[in-house]
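Report on the structure given below.
Bear in mind these aren't lab numbers, they're just calculated from the coordinates by the rules spelled out. Keep in mind that what you see is a predicted model, and the values were worked out from it rather than measured. Methodologically, a virtual Cβ is constructed for each residue, glycine included, from the backbone with ideal geometry; neighbour enumeration extends over all protein chains shown.
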């Protein structure tokens with residue numbers, strides 16, 4: 001589970017060009033911004049009964065020093081029951097590729113999260129399996145598969161519906177407060193992936209066939 005900060009950092013900092021022809025983008029974070037996303041990550045890790053890995057580039061970036069200080073302080077004062085470790089983004093990318101089973105919940109800033117989440121999607125089977133949730137402090141949030149619309153395969157019945165269904169499971173869990181239903185849907189999708197994989201996973205099943213397999217697994 002990658003918890004990515006979405007409204008700060010390099011994508012939202014000052015940017016422009018200077019008279020000497022230099023183009024620049026600025027990475028900025030405040031303590032409240034880091035506290036907000038870190039608390040969300042700690043809560044998710046606590047709910048899963050797992051551990052949290054905070055990813056930064058503290059050996060180079062000044063903002064990462066703030067990031068690590070804030071996450072460490074929150075872990076010590078508010079979430080002492082959640083195991084916490086820190087990792088540098090470059091070596092952690094290798095960990096995702098070589099030892100993904102050692103990772104539980106990850107929290108990181110916007111740009112790092114953008115990149116690492118796609119690496120994680122590729123390692124775990126591709127974008128057809130990757131779900132996402134954009135969560136705020138109010139409201140149910142926005143839930144969508146990581147992949148795009150794929151117009152090149154529209155109407156062929158070969159799209160993998162797992163990412164969309166897993167996004168629905170995230171909505172049930174984080175937006176509607178129905179963790180039991182989320183668990184049931186996630187198990188049903190896992191069963192369908194084993195029994196009726198779509199072409200992107202080396203199978204031959206259609207989108208409808210996999211959807212039917214999910215319904216059967218749910219007892220619907």
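Quick notes on this one:
- Residues within the reach of a label modelled at residue 15 (point 7 angstrom out along Cα to beta-carbon, backbone nitrogen below 15 Å), restricted to segment 97-128, are 110-112, 114-115.
- Acute angle (nearest 10 degrees) that the helix 62-77 long axis makes with the longest principal axis of the chain, alpha-carbon atoms: 70 degrees
- Cα-based shape type of the chain, given that a ≥ b ≥ c are square roots of the gyration tensor eigenvalues and the cut on a/c is 1.5: prolate
- Cα gyration tensor, segment 107-182 - rounded (a/c under 1.5), prolate or oblate: oblate
- Based on Cα contacts under 8 Å between residues 6+ apart, the chain shows a relative contact order of 16 percent.
- For segment 137-220, the square roots a ≥ b ≥ c of the C-alpha gyration tensor eigenvalues yield an a/c of 1.5 or more together with a/b not exceeding b/c, which makes the shape oblate.
- Counting DSSP beta bridges with both ends in the chain, the antiparallel % (nearest 5): 35 percent
- Computed from the C-beta positions of residue 39 and residue 115 and an R0 of 25 Å, the FRET efficiency is 0.60 to the nearest 0.05.
- Using the Cβ-Cβ distance between residue 26 and residue 72 with R0 set to 30 Å, the FRET efficiency works out to roughly 0.75.
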